[in-house]
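Structure record follows, encoded as structure tokens.
The values are calculated or read from the model by the stated rules, or taken from the named source; none is laboratory data. All of these numbers come straight from a predicted model, not from anything done at the bench. Using ideal geometry, Cβ is built from the backbone for each residue, glycine included, and neighbour counts are taken over all protein chains shown. When the accessible area is computed, the model is the full protein with side chains, heavy atoms only, and any ligands, DNA or RNA have been set aside. Shrake-Rupley method; radii C 1.70, N 1.55, O 1.52, S 1.80 Å.
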Amino acid sequence: ECGCVALCVLLLCDVFCVVSVPPHTPSCDVPSSALTGSLVQLRCRDRHSIPAAIYTWFKDNRALPIQLPNATYTIDEKTGVLTFQKVSRADAGQYYCEARNGVGPGKSCSGTRMQIDDLNEAALISGVLLLALLLFLCAFGGFYAHRHGLFSRHRGRSFWIPQCHGAAHISSQNLHRTEHIQNSGYSHPPKEPQDFKHTQSFML
């Protein structure tokens, strides 16, 4: 709809036009389920109506009063938000909202049922205790492994060869170094008989 008004002063006229748009079907956001004692908000919005729409919420086809003593909810008719500070099982039902702005008939969204479920406090407490126990076991296992040196890295192992005279002490690092030299293709020059030098005697 469009309404225009002409204002003339000394042959000078100004024309003012006001455009009005009737309500459109609003978009409604209603949760399908919620837990008792939790904060729940239902939202309704029409972005096309001019002037801005006023919203009314319905539960099970009955309008919810804006101001009701001892009500468990609050309604902002300008923003279309229905708020339950602590929802209860009595608040379960089918909800929808209607948008009106005085220009044409009001429009409503389709209804959505909201289910309210009880909070299983026993299961919640058991889950928290189990998580705390797992964290304690992990921390204790890490402390035990660190205390006994399981996280330290041994770079080489030493062992004794009792068959050798004097029980020679050989390190695995030296063995690896020897293998590396042999694999690289390096060979020691042959020794001449005169180069042999007697260093130690032993008896079998």
Taking 135-147, 44-56 and ranking on average Cβ neighbours within 10 Å, highest first, one gets 44-56, 135-147
Between R147 and D76, the two model label points (7 Å from Cα along the beta-carbon direction) sit apart by a distance in nm of 5.7
Quick note, the range 18-117: a/c under 1.5 would make it rounded; otherwise a/b > b/c is prolate and the rest oblate (a ≥ b ≥ c, C-alpha gyration tensor); here it is prolate
Largest-first ranking of R113, R43 by accessible area, probe 1.4 Å, whole protein assembly kept, is R113, R43
